[in-house]
Structure formats: C-alpha cells, structure tokens
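Report on the following structure.
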C-alpha cells in the first residue's frame, strides 16, 4: 500500500500576511530612522533629553536671576511649571514636523513595491511619539526626584494631555505630509506661521491670566488646551475650565482624515514630483 500523501499546507489568510508584512516594513523603517537620525548625531538619543532640560534650566535662570521673579504661575517650582508647558508643546511640534516629512524622508524606499506611503507615515509617527513620550517620562521623573515640588499627580488629565498632543501631532503631520509634498512653498509658510506658537500656547504663562479679549482669540489655539490639561494634572487647585478635549480631538481627527484621504488619492502624483 502506498502512503497517503500529506495534505497541502493551508496558506495563511491574506489579511494576516498583509498585517505581518506591514509590521515588518514599519519596524525596518523605524530602525533605519533610528540609525540615520540619532545614530549620526553627537550624543544620539541623549540630545532628545538634553534639549528640553537645557530649555527648562535657561528659562528658570532668566526668570529667577534675570527678572527676579520668585514664584511661578502655579506651584512653587519654576522648572516643573515650565516643563508642564514645554514638554507637551515639543511632543506636538516634533511629532507633527517629523510626520509631515515622512514621504520626503523615505522617498527612495517608496520605489520598492513592498513599502507603501502608509508604512512611511506609521514608522515616523510611532518612533517619534515613543521617543518624546519617553523624554517626557524621564524629565518629569527627574524633576520630581530632584526638587520638592509638592505635586500631587492626577494621572487622567496628564494622560489625556499626552493623548491630545499625539493625536493632534499625527493629524496635523498627516495633512502637512500631503501639503509639503504637493506645494513646496507651504513648508516655508508653515515654518514662519508656527514660529510664534511657542509664545502664544501658554508655555510660559497661564491662559487664565490674560485679558478677556486675548482669551477669546487664543482659545482657538489647540495647543493651549493641551498644556492647560497637562497643568490640571500637576496642580490640583488649577481647574483649567477653558480646556476642551472635544475641540482638540475633533480638529485632530479632521486633519488626520483629510490628510489620509488626500494621500490615498494623490500619493503617486506627489512622489513623482
């Protein structure tokens, strides 16, 4: 008698194979960016931590020594007050700018059929979100360990602020990813338009301390809501009643959907420019 032939192997479902291929491609793109962006920079990832630390130290020195201001807008510790503003601000800015340049950064690799524009955006967004979330955790942990900040952390507002910053950074970055590639002049316009964002986002002041007329204008700046939510989590007496997570998440989702639709429709034209 002849032995029965082994049944043919059952092929993996197409969806599972596609997800595995996407995960492998995204991981490879992330490793490539880690080596090219941080591996060739003096200090590598250390600079990502030193940048906000040096900014916090300089800000504290200017206010306490130069301007002789003794108490921050909230609490008793200048470094912590500034950190709760600059860290979520940088998370949004770094993530949006890195995501916006994802296609330009990975353009040579997008010629391969196994690499898609979605892979390029996911790789840059995930890597930079994780990087600056870790920077946030390291800097805040160091401040709480080194200083008597008298802080009682309320984690839900802190996590909500981080989620708002990541979502807004991804949404704005995805929309600009199309606009930067389709209209090169827009990149210069965007850089100029966002230059004063640091000064009008509540990093160094409290929204509540502004005149009513200024509040009505600055309320539309989504970053001021992110920083207000962050400070609500660090200062129990600070209500930040003006903060609207629905506004920030709605704006972020709208930018993300519009950006992905434009890239889905025109990514081939954009890559051929």
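The values are calculated or read from the model by the stated rules, or taken from the named source; none is laboratory data. Just so it is clear, the structure is predicted and the values come from calculations on it, not from any experiment. Every residue, glycine among them, receives a Cβ derived from its backbone with ideal geometry; neighbour counts consider all protein chains shown.
Looking for something crowded, with 23+ Cβ neighbours inside 10 Å and either free of Cβ contacts under 8 Å to residues at least 12 places away in the same chain or within 25 Å of residue 244 (Cα to Cα) (or both) - is there at least one such residue anywhere in region 139-161? Yes, there is a match, as at least one residue in region 139-161 is crowded, with 23+ Cβ neighbours inside 10 Å and either free of Cβ contacts under 8 Å to residues at least 12 places away in the same chain or within 25 Å of residue 244 (Cα to Cα) (or both). Among the residues of region 173-230, those that are surrounded by 22 or more Cβ atoms within 10 Å (Cβ to Cβ) and either more than 22 Å from the chain's Cα centre (by Cα) or more than 18 Å from residue 89 (Cβ to Cβ) (or both) comprise 174, 175, 177, 178, 180, 181. For region 188-208, the set of residues classified as in contact (Cβ under 8 Å) with a residue 12 or more places away in the chain and farther than 22 Å from residue 75 by Cβ consists of 190, 194, 197, 200, listed by residue number. Only one entry of 165, 120 meets the criterion of being within 21 Å of residue 206 (Cβ to Cβ), in contact (Cβ under 8 Å) with a residue 60 or more places away in the chain and assigned to a helix (DSSP H, G or I), and that entry is 165. Number of residues in region 41-76 that are within 19 Å of residue 91 (Cα to Cα), assigned to a loop (DSSP other than H, G, I, E, B) and modelled with pLDDT of 80 or more: the value is 0. Of the residues screened, residue 21 is not one that is under 25 Å from residue 128 (Cβ atoms), at pLDDT below 80 and exposed (fewer than 11 other Cβ atoms within 10 Å of the Cβ). Evaluate the following for residue 170: is it in a helix (DSSP H, G or I) and on the phi < 0 side of the Ramachandran plot? Criteria met by residue 170. Looking across 80, 144, one residue alone is part of a helix (DSSP H, G or I) and out of contact with any helix residue (DSSP H, G or I) (no Cβ under 7 Å at 6 or more places or on another chain). It is 144. The residues in region 239-265 that are farther than 30 Å from residue 104 by Cβ, at pLDDT 95 or above and exposed (fewer than 13 other Cβ atoms within 10 Å of the Cβ) can be counted, and the count is 1. Is it the case, given these coordinates, that residue 29 is more than 22 Å from residue 231 (Cα to Cα), in contact with a helix residue (DSSP H, G or I) (Cβ under 6 Å, 6 or more places away or on another chain), at pLDDT below 85 and buried (at least 18 other Cβ atoms within 10 Å of the Cβ)? So residue 29 fits the description; yes.
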